[in-house]
Structure formats: C-alpha cells, structure tokens
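Asks: Handing you this structure, nothing more for now.
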Amino acid sequence: MISRSLRVPLSMVAGIIGLILLSPILFAGEAFPDQVVVAAFSKGDLSGWEKKIFKGETEYSIVQTDDSKALRAISRNAASGLVKKLDIDSSRYPLLRWSWEIRRTLKREDATKKSGDDFVARVYVVFPRTLFWKTRAINYVWSANLPKGSVIPNAYTANAVMVAVESGDGKAGTWVTEERNIFEDYKRFFGEKPPRLGAVALMSDTDNTGEEAVAYFGDIFLSTGNR
C-alpha cells in the first residue's frame with residue numbers, strides 16, 4: 001500500500017478527471033462479454049479518444065508499422081495525453097492488456113522529483129469518485145531508471161502511483177506486450193477495493209525534462225481472464 005501526505009494539485013490526474021466528468025460514457029460493460037476493446041489502433045480507429053493538453057502538445061497519430069497500424073506519440077518539451085472515458089467494474093474486467101514500443105528512454109527522467117516526472121510512455125487507469133480528493137490513478141510506465149516492477153508515489157500527488165512495467169533501453173525498438181491485474185493492483189497500492197474504472201489514458205511527456213520522446217501504442221483490451 002502506498003502512503004504519502006501531500007496536497008493534491010491541479011495536475012495531470014486532475015485534468016483527466018475533469019475530462020471524464022464532461023464526456024459521455026462509451027462503455028458501461030452491461031453485456032458482460034469476455035473482452036472489452038479499449039483501443040483498436042491496429043484498425044486505424046481513434047474513436048472515443050479525447051485530447052487533454054497540459055503543457056505544449058504531444059503529437060498523436062495513427063501510422064503504419066512493419067506489421068500493422070499503431071498510435072505514434074512524439075513529444076518535444078510537451079505534455080498532452082489521450083483519454084478514453086469508460087464505466088467498467090474492474091472486478092469483472094481485471095486484466096488490462098496492451099502493447100507498446102519506444103525509441104529510447106529519457107536521459108533526465110527522475111520519477112522522485114517534479115523536475116524529472118516525464119516518461120517516454122505511460123498507460124493510466126483512473127478510478128474517479130464523487131469526492132475529488134478520493135480519486136485514484138495508477139500509472140504504468142516505461143521508465144529509464146526505476147527498476148522493473150518497482151512502485152513509487154507520484155511526484156505531484158499521493159493519489160497516483162507509478163509502476164515501472166518496463167525499465168531501460170534493453171527492449172527499445174521492439175514491441176512489448178504487457179498485462180496487469182488492475183483490480184488487484186489497486187487493492188495492493190491503495191489498501192481498498194477500487195471503485196468503477198472511469199478512464200484509460202495514454203501519454204508521452206517531456207515538459208519537465210525538455211527532451212524528445214517517441215513511442216508507439218498498440219491495441220488495448222480489458223478482459224475477464226476467461227479467454
């Protein structure tokens with residue numbers, strides 16, 4: 001469980017929550033299929049994904065890769081993300097699967113400081129609540145320096161944790177597939193059962209380090225685990 005006493009600023013998480021409140025719900029999970037398609041970038045589909053700009057603008061576009069289409073993110077001293085609003089019971093759909101590729105990690109990344117809180121690639125899951133300050137987020141990141149599997153508080157807010165699912169440049173230039181149990185992760189990091197999942201967000205950001213990042217994101221799914 002992550003614990004830290006900090007004021008919660010108007011940050012990236014806050015901006016994403018604001019977008020959730022203003023946007024229509026795209027999938028509520030009533031039909032209970034075994035799998036929910038959150039992103040179908042391989043089909044060139046960006047429907048439902050909304051832009052959220054924090055400082056400067058990361059360029060997001062669908063491009064052709066060697067085998068398929070993917071979402072490319074290019075960030076130059078900028079921080080903006082793409083957000084898809086959802087309304088899903090993560091106890092029913094606990095498994096989040098995605099694929100990604102990076103060119104290289106950021107040299108000046110330092111997740112313990114606000115001045116270094118940039119990552120070449122992030123995948124957020126956001127769990128909003130009626131009381132804003134109880135909203136929580138998990139950031140799954142490709143880190144330059146954090147050991148793979150490490151979990152630390154976000155440099156800006158105690159309401160978010162950073163999880164290094166990949167570390168370093170050893171896999172740079174290759175596609176990597178990830179899977180996380182977001183239901184169990186939330187319970188472990190925050191010490192309580194999660195509310196409904198309100199959004200998935202993607203971001204490549206370099207506004208603090210002033211560097212350039214290039215990342216690619218493949219399709220994203222939520223699954224019951226029964227497939």
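The values are calculated or read from the model by the stated rules, or taken from the named source; none is laboratory data. Here the structure is a predicted model, which means the values were calculated and not measured. Positions of Cβ are generated from backbone atoms using ideal geometry, with glycine treated the same way; all protein chains shown enter the neighbour counts.
Asks: Specify which of the listed residues (Lys84, Lys52) is modelled with pLDDT under 95, within 18 Å of Asp205 (Cα to Cα) and part of a strand (DSSP E or B). Break it down stepwise before answering.
Replies: Values: Lys84 fails: modelled with pLDDT under 95.
Testing whether each residue is modelled with pLDDT under 95, within 18 Å of Asp205 (Cα to Cα) and part of a strand (DSSP E or B) leaves just Lys52.
Asks: Does segment 89-100 hold any residues that are assigned to a strand (DSSP E or B) and buried (at least 21 other Cβ atoms within 10 Å of the Cβ), and which are they?
Replies: Restricting attention to segment 89-100, the residues satisfying the condition of being assigned to a strand (DSSP E or B) are 95-100.
Correct list: Leu96, Trp98, Trp100.
Asks: For the condition surrounded by fewer than 16 Cβ atoms within 10 Å (Cβ to Cβ) and among the hydroxyl-bearing types (Ser, Thr, Tyr), what is the one hit in Thr206, Thr177?
Replies: Details: Thr206 fails: surrounded by fewer than 16 Cβ atoms within 10 Å (Cβ to Cβ).
Going through Thr206, Thr177 in turn, the sole match is Thr177.
Asks: Looking only at residues in segment 112-155 that are of a type in the set (Gly, Ala, Ser), out of contact with any Gly (no Cβ under 9 Å at 6 or more places or on another chain) and surrounded by fewer than 22 Cβ atoms within 10 Å (Cβ to Cβ), which one is farthest from Asp207 (Cα to Cα)?
Replies: Of segment 112-155, the ones of a type in the set (Gly, Ala, Ser) are 115-116, 121, 137, 143-144, 149-150, 155.
Right, trim to out of contact with any Gly (no Cβ under 9 Å at 6 or more places or on another chain) and you get 115-116, 121, 137, 149-150.
Filter again for surrounded by fewer than 22 Cβ atoms within 10 Å (Cβ to Cβ), leaving 115-116, 149-150.
Working: Ser115: 9, Gly116: 9, Gly149: 25, Ser150: 23 Å.
That would be Gly149.
Asks: Now for a different question. Which of the residues that make up segment 38-48 are in contact (Cβ under 8 Å) with a residue 60 or more places away in the chain and either closer than 12 Å to Leu202 by Cα or part of a strand (DSSP E or B) (or both)?
Replies: Across segment 38-48, the qualifying residues are Val38, Ala39, Ala40.
Asks: Residues that are polar (S, T, N, Q) and touching a residue at least 12 places away in the same chain (Cβ under 8 Å): list the strands (runs of 3 or more DSSP E) wholly contained in segment 109-209 that include at least 1 such residues. Talk me through it step by step, then tell me what you get.
Replies: Working: elements: 119-127, 136-143, 151-153, 160-167, 176-181, 197-205.
Those strands (runs of 3 or more DSSP E) span 136-143, 160-167, 176-181, 197-205.
Asks: Acidic (Asp, Glu) and either within 14 Å of the chain's Cα centre (by Cα) or at pLDDT below 95 (or both): does that describe Glu166? Show your work before the answer.
Replies: On the way: acidic (Asp, Glu): yes; either within 14 Å of the chain's Cα centre (by Cα) or at pLDDT below 95 (or both): yes.
Judged against the criteria, Glu166 is a match.
Asks: Among the residues of segment 62-77, write down those that are polar (S, T, N, Q) and either within 14 Å of Ser204 (Cβ to Cβ) or in a loop (DSSP other than H, G, I, E, B) (or both).
Replies: Step one: filter segment 62-77 for residues polar (S, T, N, Q), giving 64-65, 68, 75, 77.
The answer is Thr65, Ser68, Ser75, Asn77.
Asks: Among the numbered conditions (1) within 19 Å of Ser75 (Cα to Cα); (2) out of contact with any Phe, Trp or Tyr (no Cβ under 9 Å at 6 or more places or on another chain); (3) modelled with pLDDT under 95, tell me where Asp207 comes up short.
Replies: (2)
Asks: Suppose we filter Ala111, Ala144 for residues that are within 19 Å of Arg76 (Cα to Cα), in contact with an Asp or Glu (Cβ under 8 Å, 6 or more places away or on another chain) and at pLDDT 90 or above; which single one remains? Quick ask: steps written out before the conclusion?
Replies: Numbers: Ala111 fails: at pLDDT 90 or above.
Selected residue: Ala144, the only one of Ala111, Ala144 that is within 19 Å of Arg76 (Cα to Cα), in contact with an Asp or Glu (Cβ under 8 Å, 6 or more places away or on another chain) and at pLDDT 90 or above.
Asks: Let me ask something additional. Quick check: anything in segment 110-122 among the polar types (S, T, N, Q), touching a strand residue (DSSP E or B) at 6+ places or on another chain (Cβ under 6 Å) and more than 20 Å from Phe190 (Cβ to Cβ)?
Replies: First pass over segment 110-122, keeping only residues among the polar types (S, T, N, Q): 112, 115.
When the remaining residues are screened for being touching a strand residue (DSSP E or B) at 6+ places or on another chain (Cβ under 6 Å), the result is none.
Checked segment 110-122: no residue is among the polar types (S, T, N, Q), touching a strand residue (DSSP E or B) at 6+ places or on another chain (Cβ under 6 Å) and more than 20 Å from Phe190 (Cβ to Cβ).
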